[in-house]
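The values are calculated or read from the model by the stated rules, or taken from the named source; none is laboratory data. Just so you know, these numbers come straight off a predicted model, no measurement behind them. Cβ coordinates were reconstructed from backbone atoms using ideal geometry, including for glycine residues, and neighbour counts include every protein chain displayed. SASA here: full protein model, heavy atoms, side chains in, ligands and nucleic acids out. Shrake-Rupley method; radii C 1.70, N 1.55, O 1.52, S 1.80 Å.
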Number of protein chains: 2
Amino acid sequence: VIGDDAHISDEPDRLANIVASMFSGQSGNGGLSARLANGAGVALLAGADAQDDCAVLRLSGEQELVVGSDYVRGAKFRLYEFGLLSDYDIGYYLVAANVSDIAAMGARPIGMLTVVRYPPTMTDTQFATVLRGIRDACAHFGAPNVGGDIGGSDSLVLSGTAFGVCLPGHALMRGGARPGDLLCATGPTGIAGAAMSYFRSRRTSASIEQEHRASLLASWTRPQARVREGEQLGSSGLATSCQDTSDGLKATVEAIAAASGVGVTVDEQLIQPTPEVAAVCAFLDIDPMSIVFGDSVDFELVFSLPKRNLDALTDVFAANGLAFSVIGQVTAARDVLLHRLDGTHVPLPGKAWRHAPEQVSVNRKPI
Amino acid sequence: VIGDDAHISDEPDRLANIVASMFSGQSGNGGLSARLANGAGVALLAGADAQDDCAVLRLSGEQELVVGSDYVRGAKFRLYEFGLLSDYDIGYYLVAANVSDIAAMGARPIGMLTVVRYPPTMTDTQFATVLRGIRDACAHFGAPNVGGDIGGSDSLVLSGTAFGVCLPGHALMRGGARPGDLLCATGPTGIAGAAMSYFRSRRTSASIEQEHRASLLASWTRPQARVREGEQLGSSGLATSCQDTSDGLKATVEAIAAASGVGVTVDEQLIQPTPEVAAVCAFLDIDPMSIVFGDSVDFELVFSLPKRNLDALTDVFAANGLAFSVIGQVTAARDVLLHRLDGTHVPLPGKAWRHAPEQVSVNRKPI
């Protein structure tokens, strides 16, 4: 049956009839406006509704702009192909993955650009559903979708760019950790990885508890990028380095250590698997630590914190209804180790993802 | 024969060994630094070489930031598949297409983010060649590639985001044209479209002159985004609206007219086809005006200019070694017409691309 739901418009019609109305009311008065503690400000003048060559933002005062792009493909698309993620979910995911990179810089996300390229078979209804997921995630994370690019493609392509602002000198790089700092995290890792292992196992009929299944799936359908935590990390100036765990905890810890020229010891007793991770690992007979450290696409923030700042940051977070926990410490010796429950020290378990980048010296002087 | 040229590294190795060295020296002192006439400034603190979650720029003073994304697919890839565009060329093209959108806003491009996703068969040498095209185009257009995303994909995906800055209130939208304004262009259109018609005709053995072939191909291999012209249009404050012709001249003129709530009359005698366009049209028996107005992906700027500003802008452009020409005028009656050589007025020829967006009122007041 060919009904409205099966209609497939061309690109100009989609721009005029779906995109413009989806993002109406962004431009001009009443649109995004943000101000930093030093009085620096950002206001959106022309967003996606303007349908111009670019979006326009007015900036005033001294601030740092952070910008990053994230292409969404790979593992999450397998769950989409399994029918576990909807069109709405992958739109939502695209935004979460991108704003997480802004949070990892200690900045406040202020806008997104999204590229949505669809296969010839994608209907208007499906396309609009992807955009609704984008729009709602943008509203949730406080970063309007101000533009991007739509059109046809051989297969579905979702890519985004997010940008954000923070106080001058407050952007948190990976290379700032110092020996003696505590290593901290905004939440547990491994849930997204456990979900992937579980749903790919095809053994989901004889199964774990329904409550755990729901929690596992939610890590993919409504990923919680830590944008409020990131903003507090940046504005407080208390942390020394930060990265999100979208490449997995092992990759994150190793990248911070390499970029900072330090070592890290993570304490196993401080990173115990969550109940749903433990359930999956028991069900599939996997070492929980390999999931906690592995290439699990969680969006937690891992950061280093001088010990003297622990109470102050705890207070700042608590005042905003947020929390974090200490998971280890930064060492002068460059080894990256897990301190096991049995007292031994071993290299971090889990699949390594990313090679260590060369250390880059970044100019922190004002212009 | 498996040699170095056939090697295929994984993503972490490509980041560490190819990307980092390709973009070394961006971050910190000696990196990009720009200042606007009002003293507002931008400096790159952490670029692609930092390999952090995001790039970081320091902004000071009052300015407008313009941001846009462009996915590179479609027609140009057919020329790549025909072997007419190299890996280097498509990297170059990605940058030109993106900075053109910044120029169309009257802004100076200051940076790029690029997404390069490659099929499993793309070798390190090919990948590095794409990046060299990106790097060299960025150098040519003055906008360093400060980050992005690389990795594998089913097929080649190239997408970018460019950003730029201009004085407060100087970003040029499509909706500012007023009746009585002159319609102007930075150069002739149709060359890229003629090239596409010619090379797709497969009749290139019995052929047009070699000089014309070279010029046609150059419109694809080294597209000249009008970044210097765009910067002068914005900084001078003399123009009232602007768009680039990447969707074709007809689409551009119609979009400016619709967004501005005006009509436009283009004068055929002011948009005569270039010699290479005339040669292709004669060879393939096509109406030249359908190519000049059609979906030819040129990167000229079309802008509206109050008559009283004509001499002043001519002087500004001449002082910078640049030129433009008048191609028509803006009318109160909303018709978009071609004034033909025979004195008649007809709708614009060529394939329509884009529907008219709704007019959006943009807040131009300072924050």
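Over chain B, what is the relative contact order in percent, taking alpha-carbon pairs closer than 8 angstrom and at least six residues apart? It rounds to 20 percent for chain B.
Note on chain A: antiparallel DSSP beta bridges, both residues inside, total approximately 80 percent of the bridges counted. Across all C-alpha atoms in the protein assembly as shown, the radius of gyration and Dmax reach 26.3, 93 Å. Ranked from shortest, the separations from the 7 Å Cα-to-Cβ label point of B:VAL326 to its equivalents in the other copies are 7.5 nm.
Add +1 for every Lys or Arg and -1 for every Asp or Glu among the other residues with Cβ under 12 Å from the Cβ of B:ALA103, and state the total.
-3
Region A:44-61 and region B:79-157 have Cα centres lying 24 Å from one another.
Here's how it looks for A:TYR71: its modeled amide H is under 5 Å from those of A:GLY160, which are all 5 or more places away or on a different chain. For A:GLU211, the point set 7 Å out from Cα toward Cβ sits 8.2 nm from its twins in the other copies, listed from shortest up.
Can you tell me the FRET efficiency between B:ASP287 and B:ASP342 if r is taken as the Cβ-Cβ distance and R0 is 22 Å, rounded to the nearest 0.05? So the FRET efficiency works out to roughly 0.95. Highest GNM mean-square fluctuation, chain B, Cα pairs closer than 10 Å: which of B:THR123, B:THR221, B:THR161? Of the options given, B:THR123 has the highest mean-square fluctuation. Considering only A:SER27, A:GLY61, A:GLN51, and ranking their Cα positions along the charge dipole of region A:1-97 that arises from unit charges at the beta-carbon of Lys, Arg, Asp and Glu, the one farthest toward the positive end is A:GLY61.
Share of region B:100-259's accessible area from carbon and sulfur, percent, 1.4 Å? Ligands and nucleic acids excluded, carbon and sulfur give 48 percent.
In the protein assembly as shown, how many lysine pairs have Cα atoms under 21 Å apart, counting only pairs 8 or more places apart or on different chains? Could you put the intermediate results ahead of the total?
Working: A:LYS76/A:LYS250; A:LYS76/A:LYS351; A:LYS250/A:LYS351; B:LYS76/B:LYS250; B:LYS76/B:LYS351; B:LYS250/B:LYS351.
So the count works out to 6.
Neighbours of A:MET289 by Cβ distance under 13 Å: Lys/Arg scored +1, Asp/Glu scored -1, total -1.
Please calculate the 1.4 Å probe accessible area of A:ARG200, with all protein chains present, and give it to the nearest 10 Å². Rounded to the nearest 10, that gives 120 Å².
The relative contact order of region A:155-236, computed from alpha carbon pairs under 8 Å that lie at least 6 residues apart in sequence, is 50 percent. Each other residue within a Cβ distance under 14 Å of B:LEU84 adds +1 if Lys or Arg and -1 if Asp or Glu, for a net charge of +3. Accessible area per residue for region B:12-110 in Å², computed with a 1.4 Å probe and the full protein assembly in place, what is it? Accessible area per residue: 25 Å². Summed over both chains, the contact between B and A buries some 6300 Å² of accessible surface at a probe radius of 1.4 Å. A label point on A:GLY343, set 7 Å along the Cα-to-Cβ line, lies at 10.6 nm from each of its counterparts in the other copies, closest listed first. The GNM of chain A, with springs linking C-alpha atoms under 10 angstrom apart, assigns the highest mean-square fluctuation among A:ALA171, A:ALA258, A:ALA319 to A:ALA319. What separates the Cα centres of region A:226-274 and region A:280-308 is a distance of 11 Å.
For the rotational copies A and B, the chain A residue with its Cβ nearest the relating axis, together with that separation in Å, is A:THR161, 2. In the protein assembly as shown, the calculated helix contribution to ellipticity at 222 nm averages -9500 deg cm²/dmol per residue, counting -39,500 (n - 2.57) for every DSSP H run with n ≥ 4.
Of the residues B:ASP244, B:ASP267, B:ASP295, the one that moves most in a GNM of chain B with alpha-carbon contacts below 10 Å is B:ASP267. Ordering A:LEU249, B:HIS212, A:TRP220 by Cα displacement along the dipole of the protein assembly as shown toward the positive end leaves A:LEU249 in first place; charges were set at the Cβ atoms of Lys, Arg (+1) and Asp, Glu (-1).
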